[in-house]
1. How far, in nm, would the chain grow between Ala176 and Asp43 when pulled straight, counting 0.36 nm per residue and subtracting the alpha carbon separation?
2. Please identify which residues in the range 1-41 have an amide N closer than 11 Å to a label point set 7 Å out from the Cα of Leu85, following the Cα→Cβ vector.
3. State the extension gain, in nm to one decimal, for the chain segment bounded by Met165 and Ala119, taking 0.36 nm per residue of separation less the distance between their alpha-carbons.
4. For the chain, what % of the accessible area comes from carbon and sulfur atoms, probe 1.4 Å?
5. Considering only C-alpha atoms, what is the centroid distance from the range 73-92 to the range 119-188, in Å?
6. Residues in the range 85-118, backbone N under 17 Å from the label point at Leu5 (7 Å along the Cα-to-beta-carbon vector): list them, ranges by number please.
7. Please build a GNM for the chain, connecting alpha carbons under 10 Å apart, and tell me which residue among Val42, Val171, Val88 fluctuates the most.
Amino acid sequence: GMAGLCFLSSGVGCVVGSISGGRVTDLLLKRRRRELEAAAAVDAERAEEIKVSAETRLGAMWIGTGVFLCGVIICGWLLEHKLSLAGVLVTQFFIGGGMAFTFQSLGGYVIDVFPTRSARITGVQNFWRSAWAAVIVQLFPTMYTNIGWGWSYTVMFFLTLMSLMLMQFVVFRGSALRERFGPSADLQ
């Protein structure tokens, strides 16, 4: 029925975010590869040791997560103040697009880090994403009842922001952590 049309904005956002997330990530990788090739041309001795790290993919996460966070915070307060349904649907487009954009970067990263176990690691990633979704679905009615839509979405905003800070740690230390604890992955 008509209620199902409300999911259209989020779905279109997911398609747009998925396509643009993959393209932006590819552009970041190509740009970094060109920078490293230019540096290698200057310093021929280091040419063999210069490689694009898997963490380069995670740079695009800031774009997708920023779009997602803006959508979340605006949506929550639109709902809190019972403003425009059209506004909520527009924010749902940005929430879906931001999530899909971010998943492109993260999905490519975990496959680069675990190239021989890509199906397994993708399954683990989907498991944790679904587990957190299940937890949020259980907590959200209590949050909404006690603190309202706006503050519930604001809590989600800050939880997402904290997880982004953890991902930034991976950007800075991921290569060193892989060397110490696990598989090494550098893109050729």
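1. Taking Ala176 through Asp43 to full extension adds about 45.6 nm, to one decimal.
2. 2-6, by backbone N distance to the label point.
3. 13.9 nm
4. Percent of accessible area from carbon and sulfur atoms in the chain: 68.
5. Using only Cα atoms, the two centres lie 24 Å from each other.
6. Within reach of a label on Leu5: 85-93.
7. Val42
The values are calculated or read from the model by the stated rules, or taken from the named source; none is laboratory data. It should be emphasised that the depicted structure is a prediction, and the values quoted were computed from it without experimental measurement. Please note: Cβ atoms are built from the backbone with ideal geometry, for glycine as well, and neighbour counts cover all protein chains shown. Areas reflect the complete protein model, heavy atoms only, side chains present, ligands, DNA and RNA absent. Shrake-Rupley method; radii C 1.70, N 1.55, O 1.52, S 1.80 Å.
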